[in-house]
Each structure stands twice: as structure tokens, then as C-alpha cells.
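For reference, the structure discussed in these notes is given below.
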Amino acid sequence: MSLDQVTLAIDDRAQIALSVIIGFAMFSVALGLTAEDFRRVAKRPGLVIYGVLLQIVGLQVLTFGLSFVLAPMPSLALGMMIVAACPGGNLSNLLTMAARGEAALSVSLTAITSLLAAITTPLGIVFWTSIHPATAELIDEIGFDRQQFLLQAVLVLGVPLLIGLLVRARFTALAIKLHRGCYRSSLAALSLFIIGAIVAHYDHLGLFLREVMPLVIVHNACALLFGYCGAWAVRARPAARRAFTFEIGIQNSGLGLVLILGHFPGLGGAALTTAGWGVWHLISGALLAWYWSRRPPAE
């Protein structure tokens, strides 16, 4: 059986639950954003804006090109593009600190891309999947409504984000108390969906290991290298290069998986691609952070 034929169906109640999980995740992200995160941007606006563009535009362009070079099945290409459209996450900040990278830069990049994700993620998904011949045909076959997806995704991602920002601004002490618990809960829920997607397709484990994981490994390696080379190209300091590497190479694939399950029903190949990324970037990121932790960046 081809992975394009693997299906994963969920009912209406499960889709509502997925929307709640997405909203809760965005709310928890907003609770953790501070004014200091954005003050740092004013100190180094050029480098931060450049990093944001690499994340939001550059990675998606790279992924679009890779989808032609690697020529995966349409559902896998769709999964790649959805992963690339997602923002980074706090994991990139932790890995940057462990790797002796520039943590403040990493936090600022994550803050901005997370704030913009309510708009850039759904727009990126619709744009890139619509101009790729194979994925455009695939989403047309399943009756994917682009306008409805954009509206729903912006609302589900944006409204909780705005509420979280308001809570942080008006009730700072409460937000600080809530943030850790909310973030951990949303991370646990997203992790369970990643594990669940893999377990649900246990019968296709051979296909997953043979067709999905090599693709995920190559895609992730290219993303990490792209982040490093992007920083090197503008002569960023070695510590900043490490921050760029993790910011571009570590994606919130859990968010991507939830979007697939909620809006691309039946596309098991796309779901397994995002789930595979969610597992692999933990491994690749930890290994790279360990390697760099033993080698202080040159000044």
C-alpha cells in the first residue's frame, strides 16, 4: 500500500477538541511573551528581521524546492510544506542555551514568529500547497476549502493569542503563574497527538520507516544547515549562528499535525510526515546541542 492511500479519519467532536488544543497552545505561548522579548529587537532590528524572514519565507522556499528534488508522494510533500509553515517553539530556545548559542536572540525570534503565526502559518500552507502541482491536485481531490481554512485557522490561532497577550499585559503576575502549567499542558497534548498518529498507523510502520523517516531526516538536516548558512552569510557571530540553526531547524510540528488532522482529513501520509518530524527534530537537535555544548563559540 502507498502512503497516499493511508487514511486517518476523525469525527466532529475530535475536530472540536483539536481546535481547543490549538487555541490553548497559542494562548500559552502568548502568556510567555514579555516586553523585554521585543525590546531586544530594537537593539538589533536588522538581524532579527532577517532571521524572521529566513524562518517564515526562506524555509518554505527551501522546502518547496526540496519537494521537487526529492519528489516524495503528494501527501508527504504536503506534510513537508505544513511543517515548514509552522513557527518554531520554546524547544529551539532550550537547545540554543544548551549549545552555548545566543539565547536572547533565539527568544526574540521565537516571540516574533509565534506572534505572526496566526496569519503566516495558514497563509503559507494555502499558498505553497496551491502552487505545487501534486499537492494542489491532492487537496482539490479531498475538497479542501482554502478560504474556509484561512478564516478558521486565523480565528483559532489568532483569538487565543490576542487573549493571552491581553492577560499578560493586564494581569502580569497571573500570567506568569499560569504560563508554565499551560505551556506544559499544551505541549503534553500535542505530544500525545504525535504519538497517537504513529501508534494509529502501527500497521504501516514499515512504510513509515522506509518512506517517511528518510525524507524527514533530509528535510530537517537541510533546515538546520540553511539556518546556519543563512546566519553565516550575513557574518553573524558564531553564537548567533547557533541560534539561527535551531530557530530554523526546529519547528512546531505538533501544531502542524493538529492542523492536518483538523483540516486535511484522511491524509495519513501528511500526518505521519509531521509526526516523524516531531520525533526526529528532538533527536537531531539534542545531538547537535550536545556537540556544540562541548565547543564554546569563538568570539
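FYI, it's all coordinate maths here, none of it is from the lab. On a predicted model such as this, the values are computed, not experimentally measured, just so you know. Positions of Cβ are generated from backbone atoms using ideal geometry, with glycine treated the same way; all protein chains shown enter the neighbour counts.
Calculated from DSSP H runs of 4 or more alone, at -39500 (n - 2.57) each and per residue, what is the 222 nm mean residue ellipticity of the chain, nearest 500?
-26000 deg cm²/dmol
In a Gaussian network model over the chain where Cα atoms closer than 10 Å are linked, find which of T245, T113, T34 has the largest mean-square fluctuation.
Of the options given, T34 has the highest mean-square fluctuation.
Place +1 on the Cβ of every Lys and Arg and -1 on the Cβ of every Asp and Glu in the chain, take the dipole about the Cα centre, and give the residue among A233, I16, G79 whose Cα lies farthest towards its positive end.
Highest projection toward the positive end goes to A233.
What dipole magnitude, in Debye to the nearest 20, does the chain give about its Cα centre under +1 on Lys/Arg Cβ and -1 on Asp/Glu Cβ?
1560 debye
Where the centre of each part is set by its Cα atoms, how far does region 215-262 sit from region 76-103, in angstrom?
5 Å
Decide, for region 9-293, between rounded, prolate and oblate: order the square roots of the alpha carbon gyration tensor eigenvalues as a ≥ b ≥ c, take rounded if a/c falls under 1.5, and otherwise choose prolate if a/b is larger than b/c, else oblate.
It comes out oblate by the Cα gyration axes.
Remind me, relative contact order of region 9-293 in percent, using alpha carbon pairs under 8 angstrom and six or more residues apart?
Relative contact order comes out at 35 percent.
Can you bin region 28-125 into rounded, prolate or oblate? Criterion: square roots of the alpha carbon gyration tensor eigenvalues sorted a ≥ b ≥ c, rounded for a/c under 1.5, prolate for a/b above b/c, oblate for the rest.
The shape class here is prolate.
Tell me, what ³J(HN,Hα) does each residue in region 99-111 have, in order and in whole Hz, if you take phi through Karplus 6.51 cos²θ - 1.76 cosθ + 1.60 with θ = phi - 60° and put x for Gly and Pro?
Those phi angles translate into 8, 6, x, 7, 4, 4, 5, 4, 5, 5, 5, 5, 4 Hz.
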